[in-house]
Amino acid sequence: MTNDAGGKDSTEKLRVMVVDDHALFRRGLEMVLQQEPDIELVGEASDGAEAVEVAQETMPDVVLMDVRMPKRSGIEAAGQIRDLLPHCKILMLTISDGRATSTMRSRPARAATC
């Protein structure tokens, strides 16, 4: 068994968590990801506060997270998850309107670059 650049064994599945406040979008993304044999869905959350809790419980390798959500934004949650789980990579998802983009620019860079 060999390790890849991230230190994971090449036979291990990538542990992924999906975070979005729209259940239909989460389901669609999960259906696509479940088709990949090297991906294991380990959790989901519907807001930023829940995302931090679920990430601590499931220890994902990757979090796919919406930028704008209730209770805590994806940007804020990403910063907290990075502080708690430094190995975790976070990919931010958003719609392409000016409000979401300007929200990302107004946050600290460490939270946006996960």
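Bear in mind these aren't lab numbers, they're just calculated from the coordinates by the rules spelled out. These numbers were taken from a predicted model, which means no experiment stands behind them. Here Cβ is always computed from backbone atoms with ideal geometry, including for glycine, and neighbour counts include all displayed protein chains.
Quick rundown of the values:
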quantity	calculated
Whole-Å semi-axes of region 14-95's equivalent ellipsoid (Cα gyration tensor)	18, 15, 10
Charge dipole magnitude, Cβ of K and R +1, D and E -1 - region 16-90, Cα centre, debye nearest 20	240
Length added when fully stretched, K13-M31, from 0.36 nm per residue minus Cα-Cα	4.8 nm
